[in-house]
1. Using 1/(1 + (r/R0)^6) with R0 = 25 angstrom and r between the beta carbons of ALA178 and GLU230, what's the FRET efficiency to the nearest 0.05?
2. Over 24 Å between Cα atoms: which of LYS12/LYS154; LYS173/LYS209; LYS36/LYS209; LYS12/LYS209; LYS12/LYS125 fall into that group?
3. Below 8 Å, C-alpha to C-alpha, sequence gap of six or more: please give me the relative contact order for the stretch 91-138 in percent.
4. Which whole-number percent gives the relative contact order of the stretch 38-97, counting Cα pairs below 8 Å spaced six or more residues apart?
5. State the answer as a single residue: which of ILE184, ALA23, VAL50 lies farthest towards the positive end of the charge dipole of the chain, with beta carbon charges of +1 for Lys and Arg and -1 for Asp and Glu, about the Cα centre.
6. Could you check what % of the DSSP bridge pairs in the chain are antiparallel, to the nearest 5?
7. If you add up the charges near GLY233, with Lys and Arg at +1 and Asp and Glu at -1, over every other residue whose beta carbon is less than 15 angstrom from its beta carbon, what do you get?
8. Mind checking the dipole of the chain: about its Cα centre, +1 per Lys or Arg Cβ, -1 per Asp or Glu Cβ, Debye to the nearest 20?
Amino acid sequence: MPEPAYRRVLLKLSGEALMGEQAFGIDPAVTTQIAKDIAEIQGLGVQTAVVIGGGNLFRGLAASAKGMDRATADYMGMLATVINGLALQDALEHQGVLTRVASAIEMRAVAEPFIRRRAVRHLEKGRVVVFAAGTGNPYFTTDTAAALRAMEIKADVIMKATKVDGIYTADPKQDASATRYDRITYLQVLEQGLKVMDATAISLCMDNKMPIVVLDLNERGNMRRAIMGEHVGSLVTA
């Protein structure tokens, strides 16, 4: 059997990914399917970390636009990511995958505090680590948290799982003429204002030469194929 192309990956999931067809909240069927996909790549011997958003429960930026203090709104969004992290942990453990939730905001009753060396040790022991509460700071998105955590654990790649099969010149749902990039540079993403990850996250990846694979979460087996080095979705590199 061929060897995986990546040995340690950081999977970035949006909170909206957990909603399924619902308008709000967490769909247990979706978390179960995501857990099965992660269990499959764990079975290949790949070390897996996850950063999860909270947009299915609370969006700090949207709340601040309506008059809420931005820092307060962002902290509320971080707490939403912890709820999602616990839901994913439960789904993973139902698949027999040992999982630890590491929170950037200390809340020892439900998650362990994020300590870089401890997180790496969990990965080395074959556990999935779910990083929750973003960076622990307001004004930073979970995209930036994903880029930061990927550098800290020395991941080989960031896999951003979305609802489309890669990066397009425009929103394919609104523009039928939009074309997909197989490969694109960090600079092109920034110059063209493509909504891959926010500019801070892209800049951090560019400075540290961290490749990003953008793939369709709903296409079963996509994660495994990307891990094995098959061309899936769009690749962002230098």
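1. Working from the Cβ atoms, E equals 0.60.
2. Pairs exceeding 24 Å: LYS173/LYS209; LYS36/LYS209.
3. 42 percent
4. About 37 percent, as a whole number.
5. VAL50
6. Taking every DSSP beta bridge within the chain, about 15 percent pair in antiparallel fashion.
7. Within the 15 Å Cβ shell, the charges total +3.
8. So the magnitude is around 640 debye.
Computed from the coordinates by the stated procedures, all read-outs in this text should not be read as laboratory data. This one's a predicted model, so the numbers in the text were calculated from it and none came from an experiment. Counting neighbours? That spans all protein chains shown, and the Cβs are built from the backbone with ideal geometry, glycine included.
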